[in-house]
Amino acid sequence: AQSVAQPEDQVNVAEGNPLTVKCTYSVSGNPYLFWYVQYPNRGLQFLLKYITGDNLVKGSYGFEAEFNKSQTSFHLKKPSALVSDSALYFCAVRDQNRDDKIIFGKGTRLHILP
Amino acid sequence: EAGVAQSPRYKIIEKRQSVAFWCNPISGHATLYWYQQILGQGPKLLIQFQNNGVVDDSQLPKDRFSAERLKGVDSTLKIQPAKLEDSAVYLCASRAPPLGVTEAFFGQGTRLTVV
């Protein structure tokens with residue numbers, strides 16, 4: 001069965017510093033991987049996705065993520081954090097060899113300190 | 001293009017009452033999902049439609065929850081009767097036809113409080 005783990009409930013980063021939000025996954029086949037962000041009282045907004053090819057994918061608002069097949073990880077990164085990046089971040093996975101089911105992790109709250 | 005529309009935004013009901021949520025996906029999106037997001041947790045898939053057929057409803061509590069997508073467009077999710085533990089945000093999402101790999105787009109959700 002597909003699963004996603006986000007080991008950190010909260011990540012605190014000073015403004016201007018690089019940030020990393022961790023995600024590991026488990027699927028039986030090859031994964032499609034996604035990151036979403038959620039602001040208070042809002043739905044989930046798509047940030048970026050990995051399908052195949054280059055292991056470093058770039059997305060919205062300066063975010064990027066690195067796919068590592070051997071470690072089954074897909075960590076979200078940004079070189080320089082902004083206070084406005086403070087939000088709830090979700091990693092999600094879909095198994096290429098199965099139907100369209102998309103499974104989400106429990107989320108990581110990112111808090112950028114001014 | 002217009003996004004995924006959900007209504008109502010908020011709903012407060014007493015336990016044992018019934019409630020229904022409505023979702024209008026992005027035009028042309030064949031796949032529609034309903035997720036339940038309990039406070040402090042990630043979205044949990046309740047049901048997935050492909051056009052008007054159910055692809056996966058393994059996590060749907062079928063004794064009290066039901067969902068339909070009669071014409072392959074709009075969808076409704078119903079809870080009858082509601083329990084206190086049903087308090088959550090109910091998110092609807094849609095995705096384009098399965099050619100290629102596309103992401104799901106989410107509505108703003110319906111926040112349900114059962115008292």
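The values are calculated or read from the model by the stated rules, or taken from the named source; none is laboratory data. This is a predicted model, so every value here is computed, not measured. FYI the Cβ positions are ideal-geometry reconstructions off the backbone, even for glycines, and counts take in every protein chain you see. For accessibility, only protein heavy atoms count, side chains too; no ligands or nucleic acids. Shrake-Rupley method; radii C 1.70, N 1.55, O 1.52, S 1.80 Å.
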Under 8 Å between Cβ atoms, which residue pairs at least 6 apart in sequence (or on different chains) link something in region B:55-68 that is free of Cβ contacts under 8 Å to residues at least 12 places away in the same chain with a partner that is of a type in the set (A, V, I, L, M)? B:ASP56/B:LEU45; B:ASP56/B:ILE47; B:ASP57/B:LEU46; B:ASP57/B:ILE47; B:ASP57/B:ALA67
Does region B:48-56 contain at least one residue that is of a type in the set (Asp, Glu) and either modelled with pLDDT of 95 or more or in contact with a Gly (Cβ under 8 Å, 6 or more places away or on another chain) (or both)? no
Quick one: in region A:17-29, of everything that is surrounded by 12 or more Cβ atoms within 10 Å (Cβ to Cβ) and assigned to a loop (DSSP other than H, G, I, E, B), which residue is modelled with the lowest pLDDT? A:VAL27
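The rows are residues; the columns are (1) open to solvent by 10 Å² or more (accessible area, probe 1.4 Å); (2) more than 17 Å from B:LYS15 (Cα to Cα).
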site	(1), (2)
B:GLY53	yes, yes
B:GLU68	yes, yes
B:SER75	no, yes
B:LYS78	yes, no
B:VAL89	yes, no
B:ALA93	no, yes
B:ALA96	yes, yes
Quick check on region A:23-47: of everything there that is β-branched (Val, Ile, Thr) and under 26 Å from A:ILE112 (Cα atoms), which residue is farthest from the other protein chains (Cβ to nearest Cβ)? A:THR24
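Check whether at least one residue in region B:30-41 is away from chain A (no Cβ under 14 Å) and either open to solvent by 50 Å² or more (accessible area, probe 1.4 Å) or in contact with a strand residue (DSSP E or B) (Cβ under 7 Å, 6 or more places away or on another chain) (or both), and report yes or no.
Taking region B:30-41 first, the residues away from chain A (no Cβ under 14 Å) are none.
No, region B:30-41 has no match at all.
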Hey, could you check region A:75-103 for residues that are within 13 Å of another protein chain (Cβ to nearest Cβ) and modelled with pLDDT of 95 or more and say which is most open to solvent (accessible area, probe 1.4 Å)? A:LEU88
For region A:53-114, please list each of the strands (runs of 3 or more DSSP E) lying entirely inside it that holds at least 3 residues being farther than 28 Å from B:GLN50 by Cα. A:56-58, A:64-68, A:73-78, A:108-113
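Determine if region A:48-62 includes at least one residue that is closer than 24 Å to B:THR110 by Cβ, open to solvent by 30 Å² or more (accessible area, probe 1.4 Å) and within 14 Å of chain B (Cβ to nearest Cβ).
There is no residue in region A:48-62 that is closer than 24 Å to B:THR110 by Cβ, open to solvent by 30 Å² or more (accessible area, probe 1.4 Å) and within 14 Å of chain B (Cβ to nearest Cβ).
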Enumerated strands (runs of 3 or more DSSP E) restricted to region B:1-82, each holding at least 3 residues that are under 15 Å from the mean Cα position of the chain (by Cα): B:5-7, B:19-24, B:31-37, B:44-50, B:53-56, B:65-68, B:75-79
Search region B:1-29 for residues being at pLDDT 95 or above and among the polar types (S, T, N, Q), and hand back the single one that is surrounded by the most Cβ atoms within 10 Å (Cβ to Cβ). B:GLN6
